[in-house]
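The values are calculated or read from the model by the stated rules, or taken from the named source; none is laboratory data. Please read all numbers here as calculations on a predicted model, not as lab measurements. Ideal geometry is used to build each Cβ from the backbone, glycine not excepted, and the neighbour counts take in all protein chains shown. When the accessible area is computed, the model is the full protein with side chains, heavy atoms only, and any ligands, DNA or RNA have been set aside. Shrake-Rupley method; radii C 1.70, N 1.55, O 1.52, S 1.80 Å.
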Amino acid sequence: MPLIVNLAEVSDSDIALVGGKAGKLGEVVREGLPVPPGFVVTTEAYQTFVDSTVLKEAIPSALETLDLGRPESVDAVGRRIRDTFEATPFPPELGEAISRAFERFSKEHSVRFSAVRSSATAEDLEGASFAGLQETYLNVAGTDEILSAIRRCWGSLFTPRVLVYRARKGFDHRQVKLAVLVQKMVDSVVSGILFTRDPNSGENHMIIEAGWGLGEAIVGGEVTPDHYVVDGASQRIVQKQVSEQSVKIVRAASGGNEHVPVPEAERSVQKISDDRILKLASLARVIESHYRRPMDIEWCADDKSLYIVQARPVTTIPNTSTAESKPHTVAPSAPAHSEEESPIVRGFGASPGIAGGRARLLLKAAEMDRLKAGEVLVTTMTTPDMVPAMAQAAAIVTDEGGMTCHAAIVSRELGVPCVVGTRTATRMISEGAEITVDGKTGSVYKGLERAKKPSAAAAPSSGSSDGGHGHVPVTATRIYVNVGVPEKAEEYARLPVQGVGLLRIEFIFTAHIREHPLSLVKQGRSPELVRRLSEGIAKVCQAFYPRPVIIRTSDFKTNEYRGMPGGEEFEPKEENPMIGWRGCSRYISPIYKPAFLLELEAIQHVRTEKGLKNAMVMLPFVRNTWELEQIQEMMKEKGLKRSRDFQLYLMAEVPSTVLLAREFSAYCDGFSIGSNDLTQLVLGADRDSETLGRMGYFDERDPAVKRAIELLIEGAHAEGRTVGICGQGPSVYPEFAEFLVRKGIDSISLNADTVLPTIRTIASLEQRMKLDVVRRG
C-alpha cells in the first residue's frame, strides 16, 4: 500500500486509502474540472506512523478510559492522544518519503504556500459529513511546517468534538484512519460554498454563498455571506441577497492566516459577478451529474480562475412534500408590531423543524457546560468544539453564518432546528427567556405556544432521531434502501422501506477486514474472516428484521483487490478490469473459490447461528447459466438452498442476462438491474471514461438501455420473477422513474437520503396512472 499518491490518480474507490475528501476531489479532477494540484499522505502512512511509534500502545490505552458521558473524560483522553501525536517524531523513512514528495510537488507546481487538509476514512459520507471537525491548515510554507501540520491533522482524529460526533454516528474510534491532502494554496480573493439542492427545503434550487477572502470565515460563521439562488430547471439567478462584510481572512505575509478589514467600498457590494455565479452553477451540474445525488461543494477564486476545493454528498435532504415552492429568504430583524405574531428575530432557516425552550446565551465553547438538555442555544456562531452541546440543544440560533456554515450543516445532521444569520439574536433574546425556533422559516418567536402546535414547517429532517416522517404514501412499487456500512443500519431501519435492496459485502471487507481474503486464508485466518463478515452482516439483518436484507456477494475488480493488503500476490494486472475477472467468474475459479465459500459460510452463520432468516443473497456480474449451476452447488454445500424463506437474486448488468432473461429465471427468484454496468455494456461506453462522460455518451436514459430494461421486465415477469433496480437514476431523473413504474418495475432500492422524496414521486406517478386508466375507461 503506497504512503504517497498523486491526487489526480485517486477516486471514490480509494477512500480506505486516501479518505473521503481526497477520494471525492480525485473524482472531480477526473471530470476535468479545476482543482488545485496536490498529493495525499495515505492512511497507510498514518498506520505506519502509529505502528512504528509509542502511539501503537498510547491510543488504545487512552481510549480504554474514555467515558463519553463525562465531558472532562472526553477532553482529557483527546488531549492525551493529541499531545502524543505532536510530540512524536516521524520514523526516518516515513519522514524522508513525505519530504521528498513535497519537494517534488513544490518544484513541479511552483508552490510557495500549501493547504494541509485532513481526509478521514469516515468523512464526507452520506449521513455523516464530519463538517469542520478534523483540522485543516492553510498557507503552510516549508517542509518542516508541512510535517508538523500533518502530525497535527492526524491528532485531530481525537479532539473531543470528533470523539463525540463519531460515537453519535456509530463509527468505531479504533477503525477510523486519517489521510492528509496537501494542495497548492490558492490566493483566494473570494470563496464560498454551493449546494446543488436547497438543503433546508429540498427544492430544486442551487444555493451559492460567497464572501471575500478565505472560506474559513464563512464555514466558521464569522461573517454572513452573500446568498444567491439559481433555479435548477432554468439555470437562471432567481434571488440575490448581498450582505455587508467588514472583515476577511487572507494570507499573512510570512505564511499562515490573518484577519484584515474589508475596504469600505467593497463591504456591501456583490462578491462575485453574475457570470461567475452561472459558471459555478455549470461546474456544479457536472459534479452532481457525476455523483447522481445532491452535492455540497466548496469553491474559491483568485483574480483569474474558479477552483473546486471540496465536494461531498448533501448529508441531509428533508421531506420535500411540505417544502415551499419558493426559496427561503432572509428578512432583517424588525420591531414587532404584535408580540403574539411577529418574530423576535429572523434569519436563514438552516435546519427544519420547530422546537421551543429556555434561551441559553453562550458565546464561547468553554461555556457549553452551562447548556442543559432541552434549552435553546443562542450564540454568535457555533464552532466544532460546541458539537457535544449542540447535540443536546432543543434548537440553535446564531447571529452570523449562512446555509453552509458549521452550525447549519451539523444541525441538519443532528436533526436540531436551527436559524442562522439573524445578526442580532444575542442582543434581542434575553437569557432564560422562553422562545420558539422555526428552523424552516428562519423565525424566532417569544413563548412556547408555537412549539406546541403541529405545523407543516415542523417536518423532521432526515437526521431526526425519532424516526418520524410525517404522512408517507403507500406505493405499489416496493421501496428498499441501499446500505453501505453496517454502522448506519439502525438509522436507516427507521425509514419507511420494505427492507435492504443492496448490502455490498465488499464494503464490510474495506471497513472491517481490510485485507485480501485469500491472504487471510493463506495465513490460516479463515475463521476470523467468517467471524468479521458475519458480524457486519448480522448488524444489518438485526436492525431490519424481519424485513429482507439482500446481500450482494463481493464484486471487487482486480485493480481494487490488488490495492488491499496482501492483494498483489493473488491479483493479475488487467487492461480492462471492468469487464475482467469479477463477479461470478471469480467465484468459480479454483484460485478464488475458497474465499467465496467463506462468504457463503458467513451468510449461513447469520441465518442459522444468529437466527436471522431475512438474509438473502444476490450474485453480481452474471454472464452465463453454466456458471450459476456451479455456484448453486457451492451454495448447497454451505447449506444455502433456494426455498420459501431463502431467495437468490441475480444482478442484471450483462446484456446476456437481459437477452436470456427467461432462461436465467430458472436459477433465481428475481433480478436487480445494475444500471451503471448495464448502460456501459449496452452502449459500449466505459463508465470511467472522462471524455465519454463529458460528451454525454453514458446515460441510463438512452433508448437502448431503456429497451434492455423493458426486455428484462417482460422476460422475468413471464416466468414469475421479480425485477428491481438499485441506483440513483430513479431519484435523480423523475422521467426515468416514470418509465420504470409504467413498465412494471417491482422494486426500487435507493440511497437513504433520497428515500422519502422518491416515495412521494412514485406515489404521484402511480396515482396518475390510475387516473389515466379511469379516463380511458
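Relative contact order of the chain: what whole-number percent is it, with Cα pairs under 8 angstrom and at least 6 residues apart?
On the way: 1694 pairs, mean separation 72.2, N = 777.
Dividing the mean separation by the residue count of the chain yields 9 percent.
Would you mind getting me the FRET efficiency between residue 234 and residue 266? Use the beta-carbon distance for r and R0 = 45 Å, nearest 0.05. Please report the intermediate quantities before stating the final value.
Values: r = 30 Å, r/R0 = 0.67.
Rounded to the nearest 0.05, the efficiency is 0.90.
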Seminar exercise, completed: Measuring from the longest principal axis of the C-alpha atoms of the chain, the long axis of helix 593-608 (C-alpha) lies at a number of degrees, nearest 10, equal to 70 degrees
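Kindly provide the helix-only [θ] at 222 nm of the chain, computed as the sum of -39,500 (n - 2.57) over DSSP H runs of four or more divided by all residues, to the nearest 500 deg cm²/dmol? Walk me through the numbers before you get to the answer.
Values: 29 runs with 280 residues, N = 777.
Rounded to the nearest 500, it is -10500 deg cm²/dmol.
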Problem set entry | Mean shadow area of the range 1-116 over all directions, Cα convex hull, nm² | 9.1 nm²
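Quick check for me: using +1 on Lys/Arg Cβ and -1 on Asp/Glu Cβ, what's the dipole size of the range 630-777 about its Cα centre, in debye to the nearest 20? Display every interim value, and only then the final one.
Details: 19 positive and 22 negative charges, 127 e Å.
So the magnitude is around 600 debye.
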Exercise. Of 443, 114, 472, which is farthest along the charge dipole of the chain in the positive direction, counting Lys and Arg as +1 and Asp and Glu as -1 at C-beta?
Worked result: 472
For this session: Taking the chain as the reference, fit the longest principal axis to its C-alpha atoms, fit the long axis of helix 143-155 to the helix C-alpha atoms, and give the angle between the two in degrees, 0 to 90, nearest 10.
Result: 70 degrees
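So what's the convex hull volume per residue for the Cα atoms of the range 533-624, in Å³? Could you put the intermediate results ahead of the total?
Numbers: hull volume 10.1 nm³, N = 92.
Cα convex hull per residue, to the nearest whole number: 110 Å³.
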Exercise. For the residue pair residue 704 and residue 717, what label-to-label distance in nm results when each label sits 7 Å from Cα along the Cα-to-beta-carbon direction?
Worked result: 2.5 nm
For this session: Quantify, in whole percent, the carbon and sulfur part of the accessible surface of the chain (1.4 Å probe; protein heavy atoms only).
Result: 49 percent
For this session: Give me the distance between the Cα centres of the range 407-436 and the range 2-52, rounded to whole Å.
Result: 36 Å
Problem set entry | Tilt relative to the chain, helix 92-109 - C-alpha long axis, 0 to 90 degrees, to 10 | 70 degrees
Problem set entry | Whichever lysines have a C-alpha closer than 19 Å to that of residue 364, once near sequence neighbours (fewer than 8 apart) are set aside | 372
Exercise. Could you name the lysines in cross-link range of residue 56, using Cα to Cα under 22 Å and dropping any fewer than eight places away on the same chain?
Worked result: 177
Exercise. Among the aspartates and glutamates, which have Cα under 19 Å from the Cα of residue 573 when same-chain residues fewer than 8 positions away are ignored?
Worked result: 9, 14, 515, 555, 560, 686, 688
Exercise. Ranked by accessible surface with a 1.4 Å probe, highest first, in what order do 764, 554 come?
Worked result: 764, 554
For this session: Given the peptides 611-617, 730-736, arrange them by the average over their residues of other C-beta atoms within 10 Å, most packed first.
Result: 611-617, 730-736
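What do you get for Rg/Rh of the range 690-764 when both radii come from the Cα atoms and Rh is the Kirkwood radius? Before the final figure, lay out the partial values.
Working: Rg = 13.3 Å, Rh = 13.3 Å.
So for the range 690-764, dividing Rg by the Kirkwood Rh gives 1.00.
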Exercise. Past the 21 Å Cα-Cα mark, which pairs from 522/641; 184/271; 743/770; 488/539; 610/641?
Worked result: 522/641; 184/271
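Only Lys, Arg, Asp and Glu count, each charged at its Cβ (+1, +1, -1, -1), so figure out the dipole size of the range 561-643 about its Cα centre, rounded to 20 debye. Intermediate results must be reported in sequence, preceding the final value.
Numbers: 13 positive and 12 negative charges, 92 e Å.
Value, rounded to 20: 440 debye.
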Exercise. Using heavy-atom solvent-accessible surface (probe 1.4 Å) with all chains present, what is the largest-first order of 137, 697, 228?
Worked result: 697, 137, 228
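Hey, what D do you get for the range 180-243 in µm²/s if you plug the Kirkwood alpha-carbon radius into Stokes-Einstein at 10 °C and 1.306 mPa s? It would help to have the intermediate numbers written out before the result.
Values: Rh = 12.9 Å.
Rounded to a whole number, D works out at 123 µm²/s.
Place a +1 charge on the Cβ of each Lys and Arg in the chain and a -1 charge on the Cβ of each Asp and Glu, then give the dipole magnitude about the Cα centre in debye, rounded to the nearest 20. The partial results should precede the final answer.
Values: 92 positive and 101 negative charges, 314 e Å.
Rounded to the nearest 20 debye, it is 1500 debye.
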Seminar exercise, completed: Inter-part gap, Cα centre of the range 193-258 to Cα centre of the range 546-587, in whole angstrom, is 42 Å
Problem set entry | Leading residue at positive end of dipole, the chain (Cβ point charges), from 90, 232, 214 | 232
Exercise. Taking every pair of alpha-carbon atoms in the range 611-687, what share in percent sits in each 5 Å bin, from 0 to the bin with the longest distance?
Worked result: 3, 15, 26, 22, 16, 10, 5, 2, 0
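Can you give the accessible area per residue of the range 632-777, in Å², using a 1.4 Å probe? Before the final figure, lay out each step's value.
Values: 6410 Å² over 146 residues.
Per-residue accessible area for the range 632-777 comes out at 44 Å².
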Seminar exercise, completed: Mean Cβ-within-10 Å packing, highest first, puts peptides 750-757, 240-247, 88-95 in the order 750-757, 240-247, 88-95
